[in-house]
Amino acid sequence: MFFKCTVKDVNSAKKYDPAAPGCFMLFFTYPGVIALRRHRVAHFFWKKNLKTLARFISYRTRRKTGIDIHPGATIGQGVFIDHGMGVVIGETAVVGDRCVIYHGVTLGANTFEKVDRHPKIGNDVIIYANATIIGPIHIGDHSIIGAHAVVVKDAPAHSKLIGIPAHKHSKS
């Protein structure tokens, strides 16, 4: 599973980044690919209840890449984090398959209680730079979250959300 996900992550980077070099360079030099690869290892240890080791891997990854993914978060296959600096993904967050996440994105909580408190992102969602998605909300498949949007409510599939607070964008 780990190898399959890593291959899909590299292929997504090639697909979504027109400046992407070869697979070798993507695997070893792209912060988003590195962070996802390391997260998958940390998540494995987290599920095995080796939480200190998982947290250590997560901490080292954040220092190296600037991408902070809690080891408890669930990340799908073929995800691409582009220019990832400042990305934060919380403990109970779920990111579906083939999502694209740009720099400065936060998938955060709106409570300090130990409950399911982070967003659930569907498949094939694009989250543009500095968007913030807060709370235990659901974003449907094939949605687009605009840059700097602040999303605090559920959104159905194929939504285009913009603004603060985010609202559905309708074409004129």
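Readers should treat all values here as calculations from the given coordinates under stated rules, not as data from a laboratory. Keep in mind it's a predicted model, so treat the numbers as computed, not measured. Positions of Cβ are backbone-derived with ideal geometry, glycine not excepted, and every protein chain shown enters the neighbour counts.
For this structure, a couple of remarks:
- Straight-distance crosslink candidates among lysines, where the alpha carbon sits under 21 Å from LYS15 and sequence neighbours closer than 8 are dropped: LYS4
- log10 of Debye I(q)/I(0), alpha-carbon scatterers only, for the chain at 0.10, 0.12, 0.16, 0.17 Å⁻¹: -0.34, -0.49, -0.88, -1.00
- Percent of Cα pairs in segment 27-112 per distance bin of 5 Å, from zero to the largest separation: 3, 16, 28, 29, 17, 6, 0, 0.
- Our summary gives segment 14-172 a relative contact order of 13 percent, counting only alpha carbon pairs under 8 angstrom and 6 or more residues apart.
- The modelled label-to-label distance between VAL115 and LYS64, using points 7 Å beyond Cα along the C-beta direction, is 3.7 nm.
- A simple charge model with +1 on the Cβ of Lys and Arg, -1 on the Cβ of Asp and Glu and nothing else charged puts the dipole of the chain at about 480 debye relative to its Cα centre.
- Subtracting the Cα-Cα distance of ASP17 and THR74 from their residue separation scaled by 0.36 nm leaves 18.2 nm.
- For segment 36-172, the tally of Lys pairs with Cα-Cα distances below 23 Å comes to 15, considering only residues 8 or more apart or on different chains.
- Order by protection proxy (mean Cβ within 10 Å, highest first), peptides 42-48, 66-72: 66-72, 42-48
- Dipole of the chain computed with +1 at Lys/Arg Cβ and -1 at Asp/Glu Cβ about the Cα centre; of LEU26, GLY122, SER12, farthest Cα towards the positive end is LEU26.
- Using only the C-alpha atoms, the convex hull of segment 79-172 corresponds to 82 Å³ per residue.
- Treating each Cα of segment 121-172 as an identical point scatterer and summing with the Debye formula, the log10 of I(q)/I(0) at q = 0.15 Å⁻¹ comes to -0.31.
- Residues with amide H under 5 Å from that of LYS160, placed H, sequence gap 5 or more: ILE144, HIS169
- Distance between the modelled labels on ILE164 and ASN130, one decimal in nanometres: 0.8 nm (7 Å Cα→Cβ projection).
- Among VAL151, GLY104, PRO136 - extreme Cα towards positive end, dipole of segment 100-172, charges at beta-carbon: VAL151
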